[in-house]
Amino acid sequence: MSPSAGGLVVFLLSVQVIQSQDGWRVDYDQTDVCAAKGSTVYISCDITYPPGKDPSDIKDRFWFTKEKDGEPVDLRTDSEYSDRVTYRCFSKECYLTITDVRESDSAEYKFRFGTNKPGEKYTGSPGVTLSVTGFQVQVRRSDSTWLELTCHSSCVLPDRPEYVWYKNEEIIKTGSSLPVSSGSTDRYSCYLTGYWNQRSPAVYGPQRPSVSVSPSAEMLEGDSVTLTCSTDANPAANYTWYKQGGTSDPRLLSEEPHLVFSSIQSSDSGRYFCTAENQLGRKTSDFISIDVKYGPQRPSVSVSPSAEMLEGGSVNLTCSTDANPAANYTWYKEHEDSPRASGQIFTITNFTAEHSGNYYCEAQNEMGRSNSTLRLITSSAEPNHARHQSLQQLPWQQDTIKWPPL
């Protein structure tokens, strides 16, 4: 057998197999067939008759690879081979043709026939093993700046095979290997001379990776969030995730395409990027910013001025908290329904003993609210001393301002 001129790549190991049953015999022309994916394959056998028998005694001739309920399944009825198999049988020969072979066609093919005698059926076994393969470009690093590409097939190739090399759909070279520079963004493929339609898949370095986040909606503290890095590359790219520091070097976080936060925290906010790399090159994605929303933490309260102050002076109470988005502040006095002030700073002017009592500031955003209490009280001082105030810190984040009476 020889390949057809239409792009067939079939390599045969020509060893005859003979099976004899009751004088019937099946001779296969080969035991092993290696074919390139997408090519056309021919498998044939010869039939030897017992004395006194002739072709008219044979019926139901077919090829099979599978059995169902103990009976061989004719390839022509197998949906996986639909419109891809044909038989040609003569007096003593029978041929199987499979077009557009696939890797799933790799199997052992056997010839089956029956005779005029009821129940008399014969199978040529063992059959012919078909292995379907494709040409592949293998990448090997020569040094820090150069790579060597070689065209490879698992088939037994003819002596001194000659390959043709493509770069971005243009023929650039013939030969068994091709040197290319590391980091090249071009696409390289190869084929065996004479079989141009069996070209290998192209190899190429990664394109600039794209980054996606799931879920894409607003991220709240405690949510599960996944960042995904993807690119087009062959061989497949390896991925690495980093978080960009302020002035420090980026911090490596993961060497997987997915970066998963099972319970994201406010400290995870920041800028992230990923890299995609294979033997031919490396590319870096654009930054993606993660902004985790969370409610206000317990506010802290400060008083200014913190030194002693004469009666009639003013005092500034400042409320601070950490929140995203930024919190709005409201000041209340205990037992009063209406707020005393809004804003981060509450200023009391012309301070007197009437201002004593418990105050609290409330920090609020769309994620939640929190508050902290401040206590202003009056106290006596020794006679003939000027009226003054002083500040003391009390437990549970409360502040005390003391005032002497007249």
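Around the Cα centre of segment 256-300, unit charges on the Cβ atoms of Lys, Arg, Asp and Glu (plus for the first two, minus for the last two) sum to a dipole of about 140 debye.
Label-to-label distance for I345 and D223 is 3.5 nm, based on points extended 7 Å past Cα in the beta-carbon direction.
Once you've got the Cα coordinates, tell me which of K37/K167; K53/K121; K68/K92; K92/K121 are over 19 Å apart. Among K37/K167; K53/K121; K68/K92; K92/K121, the Cα-Cα distance tops 19 Å for K37/K167; K68/K92. Principal semi-axes of the equivalent ellipsoid, √(5λ) from the alpha carbon gyration tensor of segment 187-236, are 42, 9, 7 Å from largest down. Descending by average beta-carbon neighbour count within 10 Å, the peptides 203-212, 72-81 line up as 203-212, 72-81, the highest first. Volume of the convex hull of segment 200-358 (Cα atoms only), normalised per residue: 148 Å³.
What translational diffusion coefficient, in µm²/s and rounded to a whole number, does the Stokes-Einstein relation yield for segment 172-280 at 4 °C and a viscosity of 1.567 mPa s, taking the hydrodynamic radius as the Kirkwood radius over Cα pairs? Calculated translational D: 78 µm²/s.
A cut-off of 5 Å between modelled amide H atoms, ignoring neighbours fewer than 5 places along the same chain, links N358 with E334, L376. Each Lys or Arg adds one and each Asp or Glu takes one away; over the other residues whose Cβ falls under 10 Å from the Cβ of A363, this sums to 0. The alpha carbons of segment 73-182 occupy a box of 72, 26, 23 Å along the principal axes, longest dimension given first. Here segment 193-268 exposes an accessible surface that is 47 percent carbon and sulfur, computed with a 1.4 Å probe and the other protein chains kept in place. Pairwise inverse Cα distances across segment 104-240, averaged and inverted, put the Kirkwood hydrodynamic radius at 19.5 Å. Percent of C-alpha pairs per 10 Å bin in segment 18-137, short distances first: 13, 45, 30, 10, 2, 0. Taking the inverse of the mean 1/r over every pair of distinct Cα atoms in segment 102-152 gives a Kirkwood hydrodynamic radius of 15.2 Å.
The values are calculated or read from the model by the stated rules, or taken from the named source; none is laboratory data. Note that this is a predicted model, so its numbers are computed, not measured. Cβ atoms come from the backbone with ideal geometry, glycine included; neighbour counts cover every protein chain shown. Note: accessible area is taken over every heavy atom of the protein model, side chains too, but ligands, DNA and RNA are not part of it. Shrake-Rupley method; radii C 1.70, N 1.55, O 1.52, S 1.80 Å.
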